[in-house]
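The values are calculated or read from the model by the stated rules, or taken from the named source; none is laboratory data. Predicted model only: the values in this text are computed from it and were never measured. Backbone-built Cβ (ideal geometry, glycine too); neighbour counts: all protein chains shown. Ligands, DNA and RNA are excluded from the accessible area calculation, which covers all protein heavy atoms including side chains. Shrake-Rupley method; radii C 1.70, N 1.55, O 1.52, S 1.80 Å.
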Amino acid sequence: MENLNEKQPQKSLQRYSKTIKIITIAVLCLFLLIPMAMIKDLIRERSMTQENAIQEVSSKWSHSQTITGPYLSFQYPVIIQEDGKQSVIIKNLALFPDALFIEGDLKTEVLKRGIYEVNVYQSELTMKGSFSINELIKNKVDFSQLHAETTAVCLNLSDMRGITEQISLQLGDSAYIFEPGMDYRGIEDVGVHTLVDLSDLVNGKEIPYEIKLKLKGSESLFFTPLGKTSQVSLKANWNTPSFTGNYLPNEREITDQGFVAEWQVLNLNRNYSQVITNFSRTSLDNIRDSGFGVKLKIPVEQYQQSMRSAKYAILIILLTFAVIFFTEIVNDTRIHALQYLLVGLALCLFYSLLLSFSEHLGFNGAYLLSAILTIVLVCTYMYGIIKKRKPALIMGALLSLLYVYIFTLIQLETYALLVGSLGLFIILSVVMYFSKKINWFNE
């Protein structure tokens with residue numbers, strides 16, 4: 001009777017041994033989320049280090065440039081009644097050009113800060129167009145009230161350190177040199193201005209203008225379409241541009257040697273008029289939000305791709321553990337929980353290798369090398385445990401398929417969700433098929 005009582009619990013444990021093993025595997029998977037979280041933090045840290053390196057180089061060269069202008073800035077008096085007293089304050093009025101044509105040529109180069117690369121450029125820009133008082137007349141502005149002696153042509157630049165030569169202005173028959181600062185006028189606080197003679201403009205004539213601008217910057221160049229008609233033609237020796245902003249180019253051509261792009265924006269395409277009399281927050285935000293241009297994109301996105309890969313880590317770990325579990329049952333062998341854990345840690349180490357190699361080899365080469373090292377390690381370890389070649393080769397084939405599947409998902413953009421959902425459906429179907437062949441209760 002005592003022997004029967006001892007065998008009863010043992011038989012019960014043996015009956016549910018597979019369930020206990022599955023629970024153990026689930027606990028191990030949850031435990032492995034800890035090193036994966038640490039690896040994700042490491043990816044974020046390296047990405048921030050790259051951003052800091054870019055900011056450091058850009059701060060010494062020049063940041064991304066946004067060009068707003070040119071435009072005329074008038075000052076006019078406004079009488080205010082307050083507590084029975086009259087006071088006069090001076091307000092600004094901005095008149096945008098009838099036409100704005102910009103031709104630009106960018107010469108790019110790549111600077112390095114340690115292992116990180118920063119793209120910078122030197123540009124030569126020619127800005128042409130004309131001003132007239134037609135818009136002032138439409139807006140019923142009394143031109144006689146404007147202070148003609150303080151009228152200025154303004155040009156806003158986002159980073160003044162990028163100016164490499166004196167900026168000259170040809171306005172009608174007169175030539176001017178810009179002065180630094182905005183003198184409390186204009187759309188933005190940063191830029192240059194010059195006082196001008198507008199006697200021809202008062203007489204109803206159109207005044208043509210031309211500005212030569214040599215400007216340094218990094219990463220991107222943007223323009224604000226202030227003209228009734230704004231046309232920008234830009235060429236550069238950079239073959240991976242990213243056209244962005246509120247408007248895309250009407251025409252573009254990208255070759256191995258560089259790109260050529262042309263934009264055309266009408267005043268009807270934006271949400272502000274040619275005359276700004278009230279520099280409210282809304283009107284200024286509308287002007288800032290209308291910018292367009294190009295980012296000189298370096299095709300290195302290893303941190304973003306590494307992070308996307310790491311999000312699928314739990315899937316690879318679960319499926320690998322499932323194959324080991326099925327192998328354990330089919331080959332009637334026993335694999336210790338510690339050995340499961342070591343395999344899981346090897347799979348986590350793949351992402352650390354991927355991050356390390358990608359900073360030197362690029363993402364694709366790093367992914368291939370990290371996958372090969374991980375597959376060889378896991379297969380060799382499984383062969384050492386089971387002492388059979390076939391299960392180890394099956395494990396290697398499975399990991400190869402999984403890594404190819406994850407790599408395909410990372411490269412896809414439009415069809416990533418579709419391919420991912422179909423892949424998971426197939427994987428679940430295979431697992432369900434093999435699970436039917438297992439005697440779960442040892443009966």
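Key figures
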{"item": "Kirkwood Rh and Cα Rg combined as Rg over Rh, evaluated for the range 34-155", "result": "1.26"}
{"item": "Burial ranking of peptide ranges 243-254, 139-150 (average Cβ count within 10 Å, highest at the top)", "result": "243-254, 139-150"}
{"item": "Packing-based ranking, highest mean first, of 419-432, 60-73, 172-185 given that Cβ atoms within 10 Å are counted", "result": "60-73, 172-185, 419-432"}
{"item": "Solvent-accessible heavy-atom area per residue, rounded to whole Å², over the range 329-370 at 1.4 Å", "result": "49"}
{"item": "The chain: calculated mean residue ellipticity at 222 nm from DSSP helix runs of at least 4, using -39500 (n - 2.57)", "result": "-15000 deg cm²/dmol"}
{"item": "DSSP H segments from the chain that extend 30 Å or more along their own axis, Cα-based, with Kyte-Doolittle mean of -1.0 or above", "result": "17-61, 337-361, 363-386, 389-411"}
{"item": "Protein accessible area in the chain, 1.4 Å probe - carbon and sulfur %", "result": "56"}
{"item": "Protection proxy ranking of 223-236, 378-391, 27-40, 120-133 - average other beta-carbon atoms within 10 Å, highest first", "result": "223-236, 120-133, 378-391, 27-40"}
{"item": "Cross-link table LYS387/LYS436; LYS85/LYS140; LYS128/LYS214, entries beyond 22 Å C-alpha to C-alpha", "result": "LYS387/LYS436; LYS85/LYS140"}
{"item": "Prolate/oblate/rounded call for the range 149-266, Cα gyration tensor, a/c under 1.5 rounded", "result": "prolate"}
{"item": "Relative contact order (percent, whole number), the chain, Cα cutoff 8 Å, 6+ residue spacing", "result": "17"}
{"item": "Farthest positive-ward along the range 150-232 dipole, Cα basis, beta-carbon charges - from TYR184, LEU221, PRO208", "result": "LEU221"}
{"item": "GluC sites (Glu not before Pro) restricted to DSSP loop in the range 314-421 with at most 15 other C-beta within 10 Å", "result": "GLU413"}
{"item": "Surface per residue (accessible, 1.4 Å probe) for the range 79-199, Å²", "result": "53"}
